[in-house]
Amino acid sequence: KRSGRNFFGLCPFHKEKSPSFSVSPDKQIFHCFGCGVGGNVIHFISQIENLDFKESLELLAERANITLPVLSFSGEDKNQVIKQKIYEINNKSAEFYHNSLYNKDSKIAQDYIKLRKLNNDTLKAFQIGYAGQNNELYAYLKGQGFSDEELLASSMVIKNESGKYVDRFRKRLMFPIQDVRNKTIAFGGRVLDSSLPKYINSPENAVYSKGRNLYGLNVAKNENASVLIIVEGYMDAVSLHQRGIKNVVASLGTALTEAQGRLLRKYSEKIVISYDSDAAGQAATLRGLEILKNMGCDVRVLQMEDAKDPDEYVVKFGSGRFNMLVNQAISLVEFKIKVLKSKLNIENTNDKIKFLNEIAKILSTEDNNIEQEVYIEKISKDYNISKEAIYAQINKNSSATNKGSKILEKTLPIHNKIKIKVSDEVSIKREKLVISFLLNGGLEVYEKIKNYIMPTDFTEENNILILKKLYEEFERGNSNINNILDTWKEPDKINYITGIMAEDFEITDIDRSIKDVIAIYKKEKLNQNKIDIIAKLENNKLSIEEKSLLEKELNEIIINLASIR
């Protein structure tokens, strides 16, 4: 929502209830006053879409219908060339595998498809394919003109012990993995018999990071659903999609990462996790829930009986009943309590005491008082534990935590405690003001202050580095703020600079303020010179001539100080 000249909203990079994420159309920057993240449009796209600089430019150019110039690549850009080749190899491989599925030699895969009740529309939508056993892909890709180096970089081909190039995937049903821009980045391959491993996946390479992507999100994101369902396996996602549940994605491994959490939150704030019900699935669910909760998502757990996974359930009972389970999904707190209860016998007195203690720990982390009260009411009724006992244990835990924090604070060494003098705070704020003047006023302000304010006059390390860099850029004639932001690669520096750009220094007369700041730095330098000269004059070994020169210099400093208003 607009607030003055800027727009404010909830930050997509951290959990918050009050909007502290600011976008400035005038300055073309974003900055979160809560977590400190900031930058320009390229930095934003890079972080929110998990892309590098060039990929961010390409996405923005595509959105704005702008054709980027074709670059002639140097040795430094070899990685970009390899990336492009890998994308091409992946696309060709996906087409090859998909076409192979329909060959007469692929009967084992066709029989498996029939067994899993997948129709042709689904096979085409997800480009599901089949990898044969005779290195057909390697021969095909070589025929398409790709080099062995490029094929190895793509991970589609490996070199065996005898030095022969062979297909990584053989005798497997193939699931191409695409990113949100529909680029094929990797593959998952499932065996069609009882051999192990059941699945093998592409290793991470120049275009693929399993912790930054989700299978099927390129399809699910177009549904504009109020909820996203996350499942464990490719087949779960495919099977649900075929039966009309299209707002579903699969994690690429059971451990959900923060990057995946940001992807999910971008497309929906309500996330329902439907992992397998075994011990590994439960542990993965708990980790995933915590990550999503910290991202500010409304996270729920789908409870499923009479089926080992979502695919089996939806085939058995249909999409209607599965959607009922989605609507009845339980919260993180309820799921934790359910897992806890399954490990204890609450008919046993000791286990019941442990159960109460653990429940109190779980509820202590709940920062919403209303939700906490609702849970306490429910737990009290369900397990015949008085509300007073639960509240008492929660308060006891909170008191212990606070006491521990105070003890820790007392034991910290002095240099770890933040103690900034008022004068230091004033100096740092003034330094930021100077940087703000330069960022907003560019070369015009630089010409006014360059002879009076030097990087050596600053005290804060970040401010010194930024002023040096700004002076270097202005000396080169570069006054474009976005270009200047792009000269920094370190996120912490970009965040710090946009923090300065976004800060309101409450300046009404900029020219007057610049003159005042210059005057302050002039005074500080003259006063320091005055102190140095007085110290020298206390030296009894000075000659009469040396003393006379210092007294003359001191007199000039005093006159100059008096002339500064």
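The values are calculated or read from the model by the stated rules, or taken from the named source; none is laboratory data. These figures come from a predicted structure and were not determined experimentally. Heads up, the Cβs are rebuilt from the backbone with ideal geometry, glycines too, and the neighbour counts pull from every protein chain shown. Please note that ligands, DNA and RNA were not included when accessible areas were found on the heavy atoms of the full protein model with its side chains. Shrake-Rupley method; radii C 1.70, N 1.55, O 1.52, S 1.80 Å.
Those residues that are aliphatic (A, V, I, L, M) and closer than 16 Å to T459 by Cα, I need them from segment 519-530; list them, please.
Correct list: I520 only.
Quick check on this structure: which one of S331, S319 is among the small types (G, A, S) and either in contact (Cβ under 8 Å) with a residue 60 or more places away in the chain or open to solvent by 50 Å² or more (accessible area, probe 1.4 Å) (or both)?
Among S331, S319, only S319 is among the small types (G, A, S) and either in contact (Cβ under 8 Å) with a residue 60 or more places away in the chain or open to solvent by 50 Å² or more (accessible area, probe 1.4 Å) (or both).
More than 24 Å from Q260 (Cβ to Cβ), modelled with pLDDT under 95 and not in a strand (DSSP E or B), is that true of G163?
Spelling it out, G163 is indeed more than 24 Å from Q260 (Cβ to Cβ), modelled with pLDDT under 95 and not in a strand (DSSP E or B).
Take the conditions closer than 28 Å to A225 by Cα and part of a strand (DSSP E or B) and apply them to R300. Does it pass?
Taking the combined requirement at face value, the residue satisfies it.
Exactly one of these conditions fails for K522: (1) open to solvent by 60 Å² or more (accessible area, probe 1.4 Å); (2) over 20 Å from K429 (Cβ atoms). Give me its number.
K522 satisfies all of (1) open to solvent by 60 Å² or more (accessible area, probe 1.4 Å); (2) over 20 Å from K429 (Cβ atoms) except (2).
Does any residue of segment 470-484 turn out to be surrounded by fewer than 16 Cβ atoms within 10 Å (Cβ to Cβ), touching a Phe, Trp or Tyr at 6+ places or on another chain (Cβ under 9 Å) and of a type in the set (K, R)?
No: zero hits.
Only one of K54, K92 is open to solvent by less than 100 Å² (accessible area, probe 1.4 Å), under 27 Å from D486 (Cα atoms) and touching a residue at least 24 places away in the same chain (Cβ under 8 Å). Can you tell me which?
Residue meeting the stated conditions: K54.
Keeping to segment 345-363, report how many residues are closer than 20 Å to N395 by Cβ, of a type in the set (S, T, N, Q) and more than 37 Å from the chain's Cα centre (by Cα).
So the answer is 0.
For segment 100-153, give me the residue count where each residue is closer than 20 Å to P203 by Cα, of a type in the set (V, I, T) and surrounded by fewer than 19 Cβ atoms within 10 Å (Cβ to Cβ).
Going through segment 100-153 one residue at a time, the tally reaches 0.
Looking at I507, I466, I497, I518, can you tell me which residue is more than 29 Å from F8 (Cβ to Cβ) and among the hydrophobic types (A, V, I, L, M, F, W, C)?
Criteria check complete, one pass: I518.
What helices (runs of 4 or more DSSP H) completely inside segment 459-565 contain at least 2 residues that are under 26 Å from H31 (Cβ atoms)?
Where helices (runs of 4 or more DSSP H) fall fully within segment 459-565 and carry at least 2 residues being under 26 Å from H31 (Cβ atoms), they are 461-475, 481-485, 491-502, 510-537.
Restricting to segment 239-290, give me the number of residues that are crowded, with 21+ Cβ neighbours inside 10 Å, at pLDDT below 85 and polar (S, T, N, Q).
Going through segment 239-290 one residue at a time, the tally reaches 1.
Mind checking which pairs have a first residue in segment 208-228 that is acidic (D, E) and a second that is not in a strand (DSSP E or B), Cβ under 7 Å, 6 or more apart or different chains?
Sorted first by the residue in segment 208-228, then by its partner, the pairs are E223/K246; E223/N247.
How many of the residues in segment 1-20 are closer than 24 Å to I291 by Cα and either in contact with a His (Cβ under 8 Å, 6 or more places away or on another chain) or open to solvent by 70 Å² or more (accessible area, probe 1.4 Å) (or both)? Can you show your working first?
From segment 1-20, those closer than 24 Å to I291 by Cα are 9-20; that's our starting set.
Going one step further and asking which of them are either in contact with a His (Cβ under 8 Å, 6 or more places away or on another chain) or open to solvent by 70 Å² or more (accessible area, probe 1.4 Å) (or both), we end up with 10, 15, 17-19.
Qualifying residue count for the region: 5.
Take the residues of segment 74-87 that are in contact (Cβ under 8 Å) with a residue 12 or more places away in the chain and of a type outside the set (K, R): which is surrounded by the fewest Cβ atoms within 10 Å (Cβ to Cβ)?
N79
Is there a residue being at positive phi and touching a residue at least 12 places away in the same chain (Cβ under 8 Å) anywhere in segment 141-157?
Among the residues of segment 141-157, at least one is at positive phi and touching a residue at least 12 places away in the same chain (Cβ under 8 Å), which makes the answer yes.
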